[in-house]
Amino acid sequence: MKFAVILSALIVGLASGQDAEKRSYRGDSVISAASQAAASALKDFLASGAVQQWGGNGTHSQLHIAAGKVKEVLNSLLKSNVGYEVLTEDLQQELDKENPTVASRLKNALKNGHNMDWTSYHRLDDFYTYMEYLAATYPKIASVGSAGKTIEGRELRYLKISSGAANPKKFWVDGGIHAREWVAPAAAAYVMRELVENRSKYASIVSNIDFYVMPLMNPDGYEHSATRERMWRKNRNRHQNGCIGVDLNRNWGFNWGTAGISHNPCDPQIYAGAKAFSEPETQAISKFILSIKNNLKAYISFHTYGQYILIPYAFDDVSKPSDFEELKRVAVKAQSAMKAVAGETYQVGHTPTLVGAAAGGSDDWAKGTVGVKYAYTFELRPTNYRVGFALPASQLAVASQEALAGVLAVAKEL
Ligand SMILES: [Zn+2]
């Protein structure tokens, strides 16, 4: 009986993501078009938020078009002679395929201690419960800490994974600073699992390194993305004018506000905040990272998507750290290791060249302010030619394995 009660509670809990307040993306289109030409042809649509740029490479971008505006937008492109390719005419259909059914997910809930797996996407509670499970089950290796709280009062938790070596090197891994990039927190959780539960496999690489893994840098945004607006990116700070959210990966204080940002609090994607470190999340996390900066040798932030290993700096089109070639050498090692998992190529290069300049990113700050030698942003699966943020959960395991392979390849070089 108790079992039945738990099950029905779970069904309600999982289904509540589909309540009336949840935004539908039925009829929204995603297209690919030449970046510059599309940006000028669609300037007004981009300003109003009817069109949102998702990602892209040096030449092409994916553009998400709200259902009611699709005809108008495509007409504007035709009038301006801008070619495009339709990736989906119904984003909701892609999102419906993203996670397995409730029934198949329930099976996972019956395990002892935690619900985490890499066959479905999980809510914040599952991540934090899993971290507590690891710390309780492997107390000699793993411990849970909090860097502080979000604007809505959620904890910013990290897992410290340590062999207890004297004077260890340190390695920071995070995910989820952009809410909708759901593969990133899952990959960070996979790194935790492997370095704790399957630690013996990697003993020779990790015995001398303390890892700090924060799978969800933006827990408020993540929960909002799970329950209300799947395509939400920013945090949930409410501005005086009624608009919501700051792009936390434009808010770090190294050459803040110089490129690839918006100063408009209503910008749906890249509002950089009123000033550097205006947000409680970036304040708390940066303070914590500074507290462990002694011997902090590597910083990797997981994002999606595009399959890139991005090397700082990104605050303008040209600036590089003086040891850029060394960072590139190690990135190429990571690239080989990631390709060995399933044959997928992750392009290596300077951030502005591959995806465009964007100031206020966490990796720029880690490298430029903290002085972390090997600082990277990994853009995980899929590539730019598929439907970006809606990676089916069936690819979550292999995407996570690739992320881990990249982390281990960097760890070997420390
Ligand atoms: Zn991102």
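The numbers here are math on the coordinates, done by the rules we state, and not lab data. Just so you know, these numbers come straight off a predicted model, no measurement behind them. Reconstructed Cβ throughout: ideal geometry from the backbone, glycine too, with neighbour counts over all protein chains shown.
Brief remarks follow.
- Positive dipole terminus of the stretch 225-310, leading residue within 272, 225, 286 (C-beta point charges): 286
- For the chain, the spread of Cα positions along each principal axis, largest first, Å: 65, 64, 46
- When each of 328/367; 149/287; 140/160; 234/367; 149/169 is checked by Cα-Cα distance, pairs over 18 Å: 234/367; 149/169
- Listed values for the stretch 74-90 are Karplus-derived 3J(HN,Hα) couplings in whole Hz (6.51 cos²θ - 1.76 cosθ + 1.60, θ = phi - 60°), namely 5, 4, 4, 5, 4, 4, 8, 6, 9, x, 8, 10, 7, 8, 7, 9, 8, and x replaces Gly and Pro.
- Each of 333, 234, 201 was scored by other Cβ atoms within 10 Å of its Cβ. Listed from fewest to most, they are 201, 333, 234.
- Packing order of peptides 339-350, 187-198, highest average first: 187-198, 339-350 (average count of other Cβ atoms within 10 Å over each peptide's residues).
- Fewest neighbouring Cβ atoms within 10 Å first, the residues 386, 228, 180 line up as 228, 386, 180.
- Share of Cα-Cα pairs in the stretch 29-89 lying beyond 14 Å, as whole percent: 45
- Lysines whose Cα lies under 21 Å from that of residue 71, excluding same-chain neighbours fewer than 8 positions away: 43, 79
- Highest mean first, the peptides 299-311, 22-34 sorted by other C-beta atoms within 10 Å per residue fall in the order 299-311, 22-34.
- The stretch 202-217 - phi-based ³J(HN,Hα) in whole Hz, Karplus 6.51/-1.76/1.60, Gly and Pro as x: 10, 3, 5, 7, 9, 4, 9, 10, 8, 9, 10, 10, 10, x, 10, 7
- For residue 55, the amide hydrogen comes within under 5 Å of the amide hydrogens of 62, counting only partners 5 or more places away or on other chains and with H modelled in the peptide plane.
- Across the stretch 293-306, rounded Karplus estimates of 3J(HN,Hα) from the backbone phi angles (6.51 cos²θ - 1.76 cosθ + 1.60, θ = phi - 60°) give 6, 4, 6, 6, 9, 9, 9, 10, 10, 8, 9, 9, 9, x Hz, Gly and Pro being marked x.
- Helical runs (DSSP H, four residues minimum) scored at -39500 (n - 2.57) apiece and divided by the length of the chain put the mean residue ellipticity at 222 nm at -10500 deg cm²/dmol.
- Fraction of beta bridges assigned by DSSP in the chain that are antiparallel (%, nearest 5): 55
- About the centre of its Cα atoms, the stretch 29-89 shows a dipole size close to 120 debye [charges on the beta carbon of Lys, Arg (+1) and Asp, Glu (-1) only; nearest 20 debye].
- Dipole axis of the chain (+1 Lys, Arg; -1 Asp, Glu on Cβ), positive-most option in 259, 175, 86: 175
- Between the alpha-carbon centres of the stretch 311-355 and the stretch 225-249 there is a gap of 29 Å.
- Extension gain (nm, one decimal) between residue 23 and residue 144, 0.36 nm per residue minus Cα-Cα: 40.2 nm
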